There are 2 protein chains.
Amino acid sequence: MNVEKEVLSNNKEKARKINELFKQSKIKSFNMMSSPGSGKTTLLERTITELGPKNVAVIEGDLETENDAERIRNKGATAYQITTGTTCHLDASMVEKAVDQINLEGIKYLFIENVGNLVCPANFHVGSDHNVVLLSATEGDDKPIKYPVMFNVADIVLITKTEAAGIMNFNIEKAIENIHKVNPKIPVLKHSINEPDEFDKWIEYLKNA
Amino acid sequence: MNVEKEVLSNNKEKARKINELFKQSKIKSFNMMSSPGSGKTTLLERTITELGPKNVAVIEGDLETENDAERIRNKGATAYQITTGTTCHLDASMVEKAVDQINLEGIKYLFIENVGNLVCPANFHVGSDHNVVLLSATEGDDKPIKYPVMFNVADIVLITKTEAAGIMNFNIEKAIENIHKVNPKIPVLKHSINEPDEFDKWIEYLKNA
């Protein structure tokens, strides 16, 4: 086995153990992945209010700063910030250390907000049940076919910042078509202040997950 | 030397040789890096028209598709598409192979449009003289301090899509301040349809590079 395969294999085994712990604790877990600045933290802020802050914990991944964990704490939920330095993704070891520091009692939903990167996090299991991928309407509707690895591992895609689709010449139907070229049956939702029904579907997805 | 260090060291040596070739051929070379969908190709399309298509060659890096190379060819410039599969950045070997396929005669400017990724490409030399980093106004003004590695290696930063700054609550002054926290003396320009003077400064930067 080469070095890369061994790293991925060890990581997968550690992720499996983390997932077992989540399952024993009856916690639903979600790995949130996207490019930088696609609105992961904003979506989580709104989601925390809807699910109830006491039910939610968030593990934040960034190269530097505690900014995102502070935003989550301001909403009343538990947050733990991982700073990766120069590493472009979270891995199971990092999440394991974070989970050790979090009081999981009463937590029903655990979100792992990965480093903003549309490539690398797709290859590293972090122990979650579900992979959630965000695509911002400001990034261009061709991104799913240019970055298929990420859309391939997704269990659900949210198209965010759709209020900017017009000014950015982003064709939402085309984007959904491109997502389905990579991952044919995946559910796709929209997230913006103008789409309250779609946000309700997201909350419903989390509750039924 | 560990495996990672050896890979980076071999890459650096190869990049040095590529750069020598560019210098002998009197070609100015630029490594364009940013998140996915920040407007690298759009900036290049406009730049090609201004510099003259015959003077420009572009090496495009994406996981999949020939889309960006086609956009460049439609502007009349030479383009070569590298598809990396699952690899999150270009490296010197990939660029070396691309350069072998390009007729460099008459080329004065060579742009290497890296894979959209605000982390990994920062660590891999590709043989260029200058690192150009784009930050889209849709990504949030805190990105420079959350992804310092990339802003640290930059020689110039362009803030793009500034026409969307208002709708996206992006504070341009705050973004510039954050860029300068990481890289104190770096020039910062804006790129949008509403900023013709700033585009002139970009062209001037390229001509004097």
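The values are calculated or read from the model by the stated rules, or taken from the named source; none is laboratory data. Given the structure is predicted, the values throughout are model-derived calculations rather than measurements. Reconstructed Cβ throughout: ideal geometry from the backbone, glycine too, with neighbour counts over all protein chains shown. The accessibility values were calculated without ligands, DNA or RNA, using every heavy atom of the protein model including side chains. Shrake-Rupley method; radii C 1.70, N 1.55, O 1.52, S 1.80 Å.
Miscellaneous remarks
- Summary value for region A:1-136: 41 percent relative contact order, contacts being C-alpha pairs under 8 angstrom separated by 6+ residues.
- Cross-link partners of B:LYS201 among aspartates and glutamates (Cα-Cα below 14 Å; sequence separation of 8 or more within a chain): B:GLU50
- Where A:LYS146, A:LYS108 fall by accessible area, highest first, once all protein chains stay in place (1.4 Å): A:LYS108, A:LYS146
- Taking B:GLY85, B:GLY61, B:GLY37 in turn, the Gaussian network model of chain B (Cα-Cα springs below 10 Å) assigns the largest fluctuation to B:GLY85.
- Probe 1.4 Å, accessible area per residue of the protein assembly as shown, Å²: 43 Å²
- Taking every residue in B:50-60 and counting other chain Cβ atoms within 10 Å of its Cβ, the average works out to 0.
- Between A:PRO196, A:PRO121, A:PRO187, the Gaussian network model of chain A with springs among Cα atoms under 10 angstrom shows the greatest mean-square fluctuation at A:PRO196.
- Cα centroid separation - region B:84-115 against region B:163-190, whole Å: 29 Å
- When the C-alpha to C-alpha distance is required to be over 22 Å, the pairs from A:LYS40/B:LYS161; A:LYS97/A:LYS207; B:LYS5/B:LYS26; A:LYS143/A:LYS190; A:LYS23/A:LYS185; A:LYS28/A:LYS75 that qualify are A:LYS97/A:LYS207; B:LYS5/B:LYS26; A:LYS23/A:LYS185.
- Heavy-atom accessible surface that B and A bury in contact, both chains counted, 1.4 Å, Å² to 100: 2700 Å²
- Per-residue HN-Hα couplings for region A:156-163 [Karplus 6.51, -1.76, 1.60; θ = phi - 60°; Hz; x = Gly/Pro]: 8, 10, 10, 8, 9, 6, 5, 5
- Residues whose amide H lies under 5 Å from that of A:LYS28, counting only those 5 or more places away or on a different chain, are A:TYR109, A:LEU110; hydrogens are built 1.01 Å from N in the peptide plane.
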